[in-house]
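*Asks:* Got a structure for you, written out below as structure tokens; questions coming shortly.
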Amino acid sequence: TTYDPDLSSVEFIQNPAELTPDLPDWRFYFPVGDPREFSNNLHAFQANTPYLIQCSEPVIWKVVGKPVFSKQEWRPDSYNFVGFHVDPNQPPTLEDWFSASVSHQPLDLWKLDSDGDWQKVYTTNSTALQSGEAYWVYTNGQSDFQGPVKIDLPQGRELDFARGLVEQDIDISIIDGSPRTIAFKRLSSLNAPDLDLPQIAGPVPLSIFKTVQDGETTRLEYVDLPTTVDFTGIDSISRPVQIAVDRNKMGNAPEGFEFQSLLEITDGQGFRRCIGVSSENRQRVSKNTSAKGVGAVPIDPNAGLWVGDVVLKTVDEVDVSPISLTPTATEFEFLVMLHVDEVGTVRLLNEVIQLYREGSTHPDPTNPDLEVVDEPGRYVLVTPSAPDSVMNEIGKTLLPATLRDGREFARRISTAAYTLIDENGNAEEPVVTSIGSFGATGASIEANLKIADSDPNNPFHHQYHPQHRYPKPGENFPDWTIDWNMEFTFTADPPDGVNTAGWGDTQLGGTYRQEIEGLANDTIVAGGYFKLQRASPVPVLNDGVTN
């Protein structure tokens, strides 16, 4: 049986013998064959709910279920039948647990003794609060007390890292504001007893964004679990803790399997809370990417639009052989854009507009008030080389994909670092040479550009230097046709040493080298690094339309 405050107001039960089916504020279950079976109104067990079970003899009862994050709701000015999330290996005293709750002072708490009778506890400073036990606790007025440590999840009753979601914030509050060290640990999950539920594909790799002290240097970075976070000073009251998933450490998973773990949060003073964590891996989610011409089949896990920066830090010395790259006095950055299609083909881009194509529906034959989806809506990436058939749809069937200041807005990304025009003067997105899989450690891509002197977007034609200005008609002037070779080599670790969430999954990078001919008598060689962020998972350009 379990007490349900929504059925009736509770007075107080001092003896379990008084728990009879005629009490309106209790839910009961009697086994098959019991003459009281007809009065059953308890049909399922709920997480975080206390139950009273009558046993004819001692028994070990093992319950297997899914951890559900929920908060204790207190009925004001009444006794509440409750249990608590405490550390079974380090149980706190009743006094310590409730010391920060004004609504539970003075503490009026009853527990069940070995004879099955409810007894009020007077030695609150020495009696331990036990995990797995239920108590009657009187609440004075309103209360939202959850224990000495309060946890708030961003959504739902677990941490669910759906595709595209790399990090989430868990809000943690220390109720009395005292300094505490909160420990975070990943625990293994058991397989679900029901085969209709997702089975375990493996653990969820987790890390936390925290301050790291390295000698005299202090920095913020993601640290793998297990780890601790100190709550001191102003931060001891309330602060968000960023927790991230590392999909780069996940393998493949059969259909119906899911990566699952438990996140244990403790304070070393008796508080303990376990939160369910689930995550999709990269391969599975890629199958769900919507785009015209791409069905529910495995596609490259890195398919989509990648945008980032190239940082030049070194340059070759003049008249030095062999080539030796020397650090520059300052760094130079420029934006670069790449797109990976469903089979891993990589193209260099310099402009893209993100739009949205609305889906189509038809009335349900059995219920005309309902609409059946024929084709779901999808995001579309439009480039300068898009055929007229696509361009003519903009503003009609291709609509702005985002809002800005409450108005529809078409997101545009571009770079002025290089121009992409073919020999006929038409816009293009050239395929680059790939060695290995895009994003894999040691893999590389190489792009060779020829920027014609006549190209109106040639970045080396400008009015800020007399030799680079546009010539007058008939004037003999240098030809600023540029041959530009770019080489990107992916590395396992961030090239700038900054460990960020999503590295190897939604963020990639590595070393960069370029050679430019046409600006000087000799080839100019420069080096540095690059970092990319996946801006869109759409695996095709221009909605798959080529003409």
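The values are calculated or read from the model by the stated rules, or taken from the named source; none is laboratory data. Not measured: the values here are computed from a predicted model. Using ideal geometry, Cβ is built from the backbone for each residue, glycine included, and neighbour counts are taken over all protein chains shown.
*Asks:* Could you go through region 529-543 and let me know if any residue there is at pLDDT below 95, assigned to a strand (DSSP E or B) and among the hydroxyl-bearing types (Ser, Thr, Tyr).
*Replies:* Yes, region 529-543 has at least one match.
*Asks:* Specify which of the listed residues (Ala440, Ala416, Ala386) is part of a loop (DSSP other than H, G, I, E, B), at pLDDT 85 or above and surrounded by fewer than 13 Cβ atoms within 10 Å (Cβ to Cβ).
*Replies:* Ala416
This table checks each residue for (1) under 19 Å from the mean Cα position of the chain (by Cα); (2) crowded, with 18+ Cβ neighbours inside 10 Å; (3) in a loop (DSSP other than H, G, I, E, B).
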position: Met486; (1), (2), (3): no, yes, no
position: Thr489; (1), (2), (3): no, yes, no
position: Ala492; (1), (2), (3): no, no, yes
position: Asp496; (1), (2), (3): no, no, yes
position: Ala501; (1), (2), (3): yes, yes, yes
position: Leu508; (1), (2), (3): yes, yes, no
position: Asn521; (1), (2), (3): no, no, yes
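*Asks:* Another one. For residues that are surrounded by fewer than 17 Cβ atoms within 10 Å (Cβ to Cβ) and in contact (Cβ under 8 Å) with a residue 40 or more places away in the chain, tally how many sit in region 76-92.
*Replies:* Of the residues in that region, 5 qualify.
*Asks:* Hey, could you check region 523-544 for residues that are more than 30 Å from Val245 (Cβ to Cβ) and within 32 Å of the chain's Cα centre (by Cα) and say which is surrounded by the fewest Cβ atoms within 10 Å (Cβ to Cβ)?
*Replies:* Gly544
*Asks:* Could you check region 82-117 and list, in sequence order, the residues that are more than 19 Å from Val149 (Cβ to Cβ) and either part of a strand (DSSP E or B) or under 34 Å from the mean Cα position of the chain (by Cα) (or both)?
*Replies:* Passing the criteria: Leu109, Trp110, Lys111, Leu112.
*Asks:* Look at region 112-136 and say how many of its residues are small (Gly, Ala, Ser), surrounded by 14 or more Cβ atoms within 10 Å (Cβ to Cβ) and either modelled with pLDDT under 90 or touching a Leu at 6+ places or on another chain (Cβ under 9 Å) (or both).
*Replies:* Selection size over region 112-136: 2.
*Asks:* Right, next: Please tell me if Ser114 is small (Gly, Ala, Ser) and within 30 Å of Thr181 (Cβ to Cβ).
*Replies:* On the way: small (Gly, Ala, Ser): yes; within 30 Å of Thr181 (Cβ to Cβ): no.
No; evaluated as a whole, the condition is false for this residue.
*Asks:* OK, next. With the checklist (1) hydrophobic (A, V, I, L, M, F, W, C); (2) surrounded by fewer than 18 Cβ atoms within 10 Å (Cβ to Cβ); (3) over 29 Å from Gln155 (Cα atoms) in hand, flag the one item Leu109 doesn't pass.
*Replies:* (2)
*Asks:* Take the residues of region 250-265 that are out of contact with any Ser or Thr (no Cβ under 8 Å at 6 or more places or on another chain) and within 22 Å of Asp87 (Cα to Cα): which is surrounded by the most Cβ atoms within 10 Å (Cβ to Cβ)?
*Replies:* Only one residue tops the list, namely Leu263.
*Asks:* When region 197-249 is examined, which residues are found to be surrounded by 18 or more Cβ atoms within 10 Å (Cβ to Cβ), out of contact with any Asp or Glu (no Cβ under 8 Å at 6 or more places or on another chain) and not in a strand (DSSP E or B)?
*Replies:* Pro203, Val204, Leu225 - these are the residues of region 197-249 that are surrounded by 18 or more Cβ atoms within 10 Å (Cβ to Cβ), out of contact with any Asp or Glu (no Cβ under 8 Å at 6 or more places or on another chain) and not in a strand (DSSP E or B).
*Asks:* Looking only at region 31-48, decide whether some residue is over 23 Å from Asp115 (Cβ atoms), in contact with a Ser or Thr (Cβ under 6 Å, 6 or more places away or on another chain), at pLDDT below 85 and assigned to a loop (DSSP other than H, G, I, E, B).
*Replies:* no
*Asks:* Further question on the same structure: So which strands (runs of 3 or more DSSP E) are wholly in region 303-379 and hold at least 1 residues that are at pLDDT 95 or above and either among the hydrophobic types (A, V, I, L, M, F, W, C) or over 30 Å from Ile394 (Cβ atoms) (or both)?
*Replies:* 304-316, 325-340, 346-349, 351-357
*Asks:* What is the one condition in (1) aromatic (Phe, Trp, Tyr); (2) touching a strand residue (DSSP E or B) at 6+ places or on another chain (Cβ under 6 Å); (3) in a loop (DSSP other than H, G, I, E, B) that Tyr79 does not satisfy?
*Replies:* With (1) aromatic (Phe, Trp, Tyr); (2) touching a strand residue (DSSP E or B) at 6+ places or on another chain (Cβ under 6 Å); (3) in a loop (DSSP other than H, G, I, E, B) applied to Tyr79, the lone miss is (3).
*Asks:* With the requirement that a residue be closer than 24 Å to Phe271 by Cβ and of a type in the set (S, T, N, Q), what does region 107-130 give you?
*Replies:* Thr123, Thr124, Asn125, Ser126, Thr127, Gln130
*Asks:* Would you say Tyr51 is modelled with pLDDT of 85 or more, surrounded by 15 or more Cβ atoms within 10 Å (Cβ to Cβ) and either under 40 Å from the mean Cα position of the chain (by Cα) or among the small types (Gly, Ala, Ser) (or both)?
*Replies:* It is true that Tyr51 is modelled with pLDDT of 85 or more, surrounded by 15 or more Cβ atoms within 10 Å (Cβ to Cβ) and either under 40 Å from the mean Cα position of the chain (by Cα) or among the small types (Gly, Ala, Ser) (or both).
*Asks:* Sticking with this structure for a sec: Kindly indicate which of Val68, Val64, Val59 is closer than 25 Å to Asp194 by Cβ, free of Cβ contacts under 8 Å to residues at least 12 places away in the same chain and of a type in the set (A, V, I, L, M, F, W, C).
*Replies:* None of the others qualify; the one that does is Val59.
*Asks:* Exactly one condition in (1) surrounded by 17 or more Cβ atoms within 10 Å (Cβ to Cβ); (2) on the phi > 0 side of the Ramachandran plot is false for Gly395; which is it?
*Replies:* (1) is the only condition that Gly395 fails.
*Asks:* Ok, one more. Within region 469-484, take every residue that is under 28 Å from Tyr529 (Cα atoms) and assigned to a loop (DSSP other than H, G, I, E, B) and give me the one that is modelled with the lowest pLDDT.
*Replies:* Trp480
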